[in-house]
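Step one of this worksheet: look at the structure below.
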Amino acid sequence: MTTNLFCAQSSVAAMPLGGWLGAYLWTCIVFLGACLGSFANVLVYRLPRNLSVVGPRSFCPACGARVAWHDNIPVLSWLLLRGRCRSCGQPIPRRYPVLEMAGAVCLVLGFLRFGLTAQGLAGGLLLQILLVIAVIDWQHMIIPHTLTIAGAAVGLAASFTGVPGWRSSLLGMLCGAGIILAVSYGYRLIRGRMGMGGGDVMMMGMLGTFVGPWGVPAVLFAGALGGTLYAAVWGGRTDDGPAKLPFGTFLALGGGLIYFWGREILAWYLNIF
Ligand SMILES: [Zn+2]
């Protein structure tokens, strides 16, 4: 395995998938992705509320009625029900079909970028997890450890089949978590309060398993840049100090970008000079 900067892509042969087999396979991928997106909705609702994500079955948050399987088909059910609960008629937030479609897009992107490989699956799952983290951190300012631990497991497992290799993956995890820990403690020494939480530490550790130690600074830079741009345009200060930014949301954006297109972005950047 060559040690590429960032994770880079393995040599992916052009997808040999046309015809009926290809159409069938991509349909399966889209459907599977939409189902994962449906589960993402469960995670987004239940994790911040400390509810179990395995049981009970899906229920309507408004009236508590169980959702039958035929009312739980991604996107389609929402359209057929015209966005309303069958029992109580309360609107089902648009977030549900949107996340389901986004789930399909995540998985398709992973396989398009890295081919029908383990890395393609890992890339798709990473985007799914990042999406859930981005939404939860945006709404609640927390990054559940369940998600980052699951993501780190995916990253480590995938690293055995190719990039960045298991040694880089482990080292990336330590670097990612270590940098945030160091910054956080440094900030506390100077300001007397924590700048970043344990969720950020775990999140950078997880991203490190995907991008390796060389990708970690790039992810941090991309996340910080995104957060700074957001604060400059929409943020601003509240009365009691700077408005708090959901850093995890921007790290998610940076992590996805660097894992998928880190090499291209670096090449483009170096080309400027
Ligand atoms: Zn209902």
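In summary, the helical segments of the chain meeting the span-like criteria, namely a full DSSP H run, a Cα extent along the axis of 27 angstrom or more and a mean Kyte-Doolittle hydropathy of at least 0.0, are 19-46, 95-114, 118-140, 166-191, 198-233, 247-272.
Rounded to the nearest 20 debye, the dipole size of segment 163-273 about its Cα centre is 200 debye, using +1 on the Cβ of Lys and Arg and -1 on the Cβ of Asp and Glu.
First check a/c for the chain, with a ≥ b ≥ c the square roots of the eigenvalues of its C-alpha gyration tensor; if it is under 1.5, answer rounded, and if not, answer prolate when a/b is larger than b/c or oblate otherwise. Oblate shape, in that a/c is at least 1.5 and b/c is the bigger or equal ratio. Since only G22, G64, A102 are under comparison, the one whose Cα sits farthest along the positive direction of the charge dipole of segment 14-119, derived from C-beta charges on Lys, Arg, Asp and Glu, is G64. Shape analysis of segment 163-273 places it in the oblate category; the axes a ≥ b ≥ c from the Cα gyration tensor give an a/c of at least 1.5, with a/b not above b/c. Based on alpha-carbon centroids, what's the gap between segment 59-91 and segment 176-235 in Å, whole number please? If we compute the Cα centre of each part, the gap is 39 Å. Candidates F250, F39, G115 compared by Cα position along the dipole of the chain: farthest toward the positive end lies F39, with charges placed on Cβ.
Over segment 128-169, the ratio between the Cα radius of gyration and 2.2 N^0.38 Å evaluates to 1.36. Across the options G186, I272, M202, the greatest Cα extent toward the positive end of the charge dipole of segment 163-273 (unit charges at beta carbon of Lys, Arg, Asp, Glu) belongs to G186. Magnitude of the charge dipole for the chain, about its Cα centre and with charges confined to Cβ atoms of Lys, Arg (+1) and Asp, Glu (-1), is about 520 debye. Checking every one of the chymotrypsin sites (Phe, Trp or Tyr not before Pro) in segment 12-86 against DSSP loop status and a limit of 11 other Cβ atoms within 10 Å picks out no site at all. Note on the chain: with a GNM built from Cα contacts shorter than 10 Å, the maximum mean-square fluctuation among P93, P217, P74 falls on P93.
Throughout, read-outs are computed from the coordinates displayed, never taken from laboratory work. Quick caveat: nothing in here was measured; it's all calculated off a predicted structure. Cβ coordinates were reconstructed from backbone atoms using ideal geometry, including for glycine residues, and neighbour counts include every protein chain displayed.
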